[in-house]
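First comes the structure, then the notes that go with it.
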Amino acid sequence: MSLFDKLIGNRHAPQNRTAAQRHAAVDRSESAHAAAHLLRAPTALMQLGESEAMTVVGFMQPHRYPAGTTIIRQGETTDTGFMVLVLDGEITVETIAARRTEPVTLTVLGPGSLIGEMSLVDGGARSASCVASSDVKCAVLTRDALEALILEEPATAAKLMTAVAQRLAERLRDSGHKLRIYSQLVQSMQEEIDALMPTPDTRPR
């Protein structure tokens with residue numbers, strides 16, 4: 001069994017193991033410590049403490065996605081009960097814009113990145129598609145595991161949810177900033193068009 005497969009001791013659902021089994025599994029696993037370090041990266045949930053990150057990792061499952069796999073599909077409403085921490089490899093985030101048939105690449109994410117945390121929390125439709133652009137190794141937190149974490153480690157679960165909320169708030173602020181820039185750009189372009197092609201009411205007499 002590889003170090004990756006030993007991330008949380010074995011591939012059984014972590015919520016079905018005892019707390020002692022989970023703690024023992026992550027404590028002796030170098031991969032679990034590496035995953036906890038990535039979970040606290042600036043691109044993930046840096047608000048978590050080291051011990052809190054290790055606790056969360058104990059509730060995650062290792063998973064591999066071959067290159068080309070669609071991990072999350074835009075608009076999906078049924079398979080929303082998980083979020084993914086990228087441990088190795090790259091994931092392309094894509095969206096289908098209005099009046100387009102080909103997806104538009106929004107960003108490419110590497111190790112230490114999180115995907116799917118918004119739908120994990122609210123169960124809503126996926127807002128974008130995430131495709132493995134290379135072979136990807138990751139750690140997955142399911143909604144069942146999150147509920148088990150809430151019951152067993154409520155303080156850590158509260159810190160996790162606060163960190164996720166802060167991450168989503170930062171993303172919302174960033175989207176608002178980009179929207180303002182886009183609005184200003186559209187206004188400037190419209191003013192230039194109006195200057196080049198005046199309407200009959202604005203033409204010099």
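The values are calculated or read from the model by the stated rules, or taken from the named source; none is laboratory data. Everything numeric here is computed off the predicted structure, so don't read it as measured data. Here the Cβ is made from the backbone with ideal geometry for all residues, glycine too, and neighbour counts use every protein chain on show. Accessible surface areas use protein heavy atoms only, side chains included; no ligands, DNA or RNA. Shrake-Rupley method; radii C 1.70, N 1.55, O 1.52, S 1.80 Å.
Pick from segment 90-119 the residues that are more than 15 Å from the chain's Cα centre (by Cα) and either assigned to a helix (DSSP H, G or I) or β-branched (Val, Ile, Thr) (or both): which of them is nearest to residue 60 (Cα to Cα)?
Here the residue is 105.
Does residue 154 meet the test of being open to solvent by 50 Å² or more (accessible area, probe 1.4 Å) and touching an Asp or Glu at 6+ places or on another chain (Cβ under 9 Å)?
Considered against the rule, which asks whether it is open to solvent by 50 Å² or more (accessible area, probe 1.4 Å) and touching an Asp or Glu at 6+ places or on another chain (Cβ under 9 Å), residue 154 comes out as no.
Residue under question is residue 125, and the condition is that it be farther than 17 Å from residue 67 by Cα, in contact with a Pro (Cβ under 8 Å, 6 or more places away or on another chain), hydrophobic (A, V, I, L, M, F, W, C) and not in a strand (DSSP E or B); does it hold?
So residue 125 does not fit the description; no.
If a residue has to be closer than 18 Å to residue 151 by Cβ and of a type in the set (Gly, Ala, Ser) to count, how many in segment 17-36 make the cut? Outline the logic, then answer.
From segment 17-36, those closer than 18 Å to residue 151 by Cβ are 17-23; that's our starting set.
Filter once more, keeping what is of a type in the set (Gly, Ala, Ser): 19-20.
So the count comes out to 2.
Taking the criterion of being touching a residue at least 24 places away in the same chain (Cβ under 8 Å) and open to solvent by less than 20 Å² (accessible area, probe 1.4 Å), would at least one residue in segment 94-106 satisfy it?
No, because not a single residue in segment 94-106 is touching a residue at least 24 places away in the same chain (Cβ under 8 Å) and open to solvent by less than 20 Å² (accessible area, probe 1.4 Å).
State which residue is nearest to residue 154 (Cα to Cα) when the search covers only segment 44-53 and only residues that are crowded, with 16+ Cβ neighbours inside 10 Å and under 14 Å from the mean Cα position of the chain (by Cα).
By that ranking, first place goes to 45.
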